[in-house]
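Undergrad: Could you have a look at this structure, given as structure tokens, before my questions?
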Amino acid sequence: MPGISVKKQARASILIPDQKKKEKTMNFNLTEDQIMIRDTARQFAEEELLPGVIDRDEQEKFPREQIRKMGELGFMGMMVPEEWGGAGLDAVSYVLAMTEISKVDASAAVVMSVNNSLVCWGLNEFGTPEQKEKYLKPLASGKKLGAFALSEPNAGSDASNQATTAVRDGDFWVINGAKNWITNGENADLYLVFASTDKVNKSHGISCFIVDRSTPGFAVLKKEKKLGIRGSDTCSLGFTDMRVSHSDMLGNEGDGFRVAMQSLDGGRIGIASQALGIAKGALERALNYSKERKQFGQEISNFQAIQWKLAEMAMETDAAELLIMKAASMKDEHRKYSRESAMCKLFASKTAVKVALEAIQVHGGYGYVKEYHVERMLRDAKITEIYEGTSEVQHIVIARDLIKNGY
Ligand code: CAA
């Protein structure tokens, strides 16, 4: 299978009118490179992820070997420049790959999404050359895995309410506190840990630290038992007098909340793509099944009741894709895209739940059992309405931006 670590000029060619007036046409075509990346991801998902996906879900088994291979293909640091170990691709390519992986295995997809958008992106954007050499290179090339430790028992949607503290002690910071809902918590090597360095300044008093799991005082605590994405791990973490060098602070003191919010802007495109993949996977399965399954002497796809469902599922899936590609294209053009990323996540996650539910209905009783995959897709879809900002938080982000900047 070909790798994807080739230099890309792959500018987003979807949906965004070109900046230059004379070329101002809306182009829905993918570039050759983008098609190649999508097809590579599709082939990988079908050959390497599909065979064990039901078993990993049942056994809550992390796809370690598959993630290693995804690293070799360049999927773990897709938007990181090649000089720092990444594939040097655009956000549109990332969406395409995330969607294909998610069509088959949403658990592997969230591992990929967190490493790409929440860990590698921030390190590339805010890291010093020394931090990039030491931490970004192994993460972007898939040799190491990252996690993003922002959420706490009392700081979920209210992310700036950090109880974890970091107190300066010479060249070190001493970190105490607890995190929860940390994707890759058990399996990661490196963590971006957010902590309050100045309680008075709330969101402006938060800093971000790069933490190696071997640091004394670092502990992986409870692993959650989940409804879906059971092939990925979600853990609590504890920090007890954990000493982290000042040189491992990402960004400046007090920049942490901005690092988190900007990373989440991109992360939400990743989760929206995960939701899109689930919707596409469920739709394809429902469509295929409806053309095979016979009742009353004919394929059930002949019945309007089924046709209407399929039509609605396809329309909403396409609408989700358009919103996602718009946000990704804006990211590639270095425009502000917080509103668009919130919109695409809000819509795509709702669509994933709805389409997966309808896919079960099209399958009838078979949809309710594991071997037809769609029951897992529904369980996996639900989390996309919750993590990286609940649907309620996405409404806040969209509304605040509308009120501040207009439509
Ligand atoms: N980019 C840059 N700066 C931003 C920003 C953005 N997208 N969003 C906010 N900021 C800045 C604001 O401009 C503001 O700065 P000033 O004070 O200088 O104006 C500062 O940050 C504080 O912003 P708000 O006043 O808007 O902050 P808030 O406390 O009201 O919170 C919120 C806003 C949108 C609710 C935010 O807390 C939020 O997004 N919450 C959800 C958190 C979340 O998504 N958690 C997911 C955890 S990670 C996860 O799930 C990963 C996983 O493992 C899968």
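The values are calculated or read from the model by the stated rules, or taken from the named source; none is laboratory data. The shown structure was predicted, so the numbers you read here are calculated from the model rather than taken from an experiment. Positions of Cβ are backbone-derived with ideal geometry, glycine not excepted, and every protein chain shown enters the neighbour counts. With ligands, DNA and RNA removed, areas are computed over all heavy atoms of the protein, side chains included. Shrake-Rupley method; radii C 1.70, N 1.55, O 1.52, S 1.80 Å.
Undergrad: Using the structure shown, decide if GLY238 is on the phi > 0 side of the Ramachandran plot and either open to solvent by 10 Å² or more (accessible area, probe 1.4 Å) or not in a helix (DSSP H, G or I) (or both).
TA: No, not satisfied.
Undergrad: Among (1) touching a helix residue (DSSP H, G or I) at 6+ places or on another chain (Cβ under 7 Å); (2) more than 14 Å from PHE75 (Cβ to Cβ); (3) in a helix (DSSP H, G or I), there is one condition SER102 misses while meeting the rest; what is its number?
TA: (2)
Undergrad: Name the one entry in ILE386, ILE324 that is in contact (Cβ under 8 Å) with a residue 60 or more places away in the chain and within 19 Å of the chain's Cα centre (by Cα).
TA: Of ILE386, ILE324, the one residue that is in contact (Cβ under 8 Å) with a residue 60 or more places away in the chain and within 19 Å of the chain's Cα centre (by Cα) is ILE324.
Undergrad: Test GLU253 against the stated conditions and say whether it is free of Cβ contacts under 8 Å to residues at least 60 places away in the same chain and open to solvent by 60 Å² or more (accessible area, probe 1.4 Å).
TA: For GLU253, the condition - free of Cβ contacts under 8 Å to residues at least 60 places away in the same chain and open to solvent by 60 Å² or more (accessible area, probe 1.4 Å) - is met.
Undergrad: Sort through SER203, SER207, SER117 and tell me the only one that's in contact (Cβ under 8 Å) with a residue 40 or more places away in the chain, open to solvent by less than 10 Å² (accessible area, probe 1.4 Å), in a helix (DSSP H, G or I) and of a type in the set (S, T, N, Q).
TA: Values: SER203 fails: open to solvent by less than 10 Å² (accessible area, probe 1.4 Å); SER207 fails: in a helix (DSSP H, G or I).
Result: SER117 is the single residue among SER203, SER207, SER117 that is in contact (Cβ under 8 Å) with a residue 40 or more places away in the chain, open to solvent by less than 10 Å² (accessible area, probe 1.4 Å), in a helix (DSSP H, G or I) and of a type in the set (S, T, N, Q).
Undergrad: Let me ask something additional. So, in the stretch 142-160, of the ones that are touching a helix residue (DSSP H, G or I) at 6+ places or on another chain (Cβ under 8 Å) and farther than 20 Å from SER214 by Cβ, which residue ends up surrounded by the most Cβ atoms within 10 Å (Cβ to Cβ)?
TA: First, the residues of the stretch 142-160 that are touching a helix residue (DSSP H, G or I) at 6+ places or on another chain (Cβ under 8 Å): 142-148, 150, 157, 159-160.
Those left that are additionally farther than 20 Å from SER214 by Cβ: 150, 157, 159-160.
On the way: LEU150: 27, SER157: 12, ALA159: 19, SER160: 18.
My answer is LEU150.
Undergrad: Here is a follow-up. Those residues that are without any contact (Cβ under 8 Å) to a residue 60 or more places away in the chain, of a type outside the set (D, E, K, R) and under 22 Å from LYS280 (Cα atoms), I need them from the stretch 42-77; list them, please.
TA: GLN43, PHE44, LEU49, LEU50, PRO51, GLY52, GLN66
Undergrad: Quick check: is even one residue across the stretch 171-181 away from the ligand (no atom under 12 Å from the Cβ), among the charged types (D, E, K, R) and closer than 23 Å to GLY231 by Cα?
TA: Checked against the condition, which is being away from the ligand (no atom under 12 Å from the Cβ), among the charged types (D, E, K, R) and closer than 23 Å to GLY231 by Cα, the stretch 171-181 yields no hits at all.
Undergrad: Quick check on the stretch 299-337: of everything there that is among the small types (Gly, Ala, Ser) and open to solvent by 20 Å² or more (accessible area, probe 1.4 Å), which residue is nearest to ASN405 (Cα to Cα)?
TA: Result: ALA319.
Undergrad: If you scan the stretch 145-173, which residues turn out to be small (Gly, Ala, Ser) and out of contact with any Leu (no Cβ under 9 Å at 6 or more places or on another chain)?
TA: SER151, ALA155, GLY156, SER157, SER160, ALA163, ALA166, GLY170
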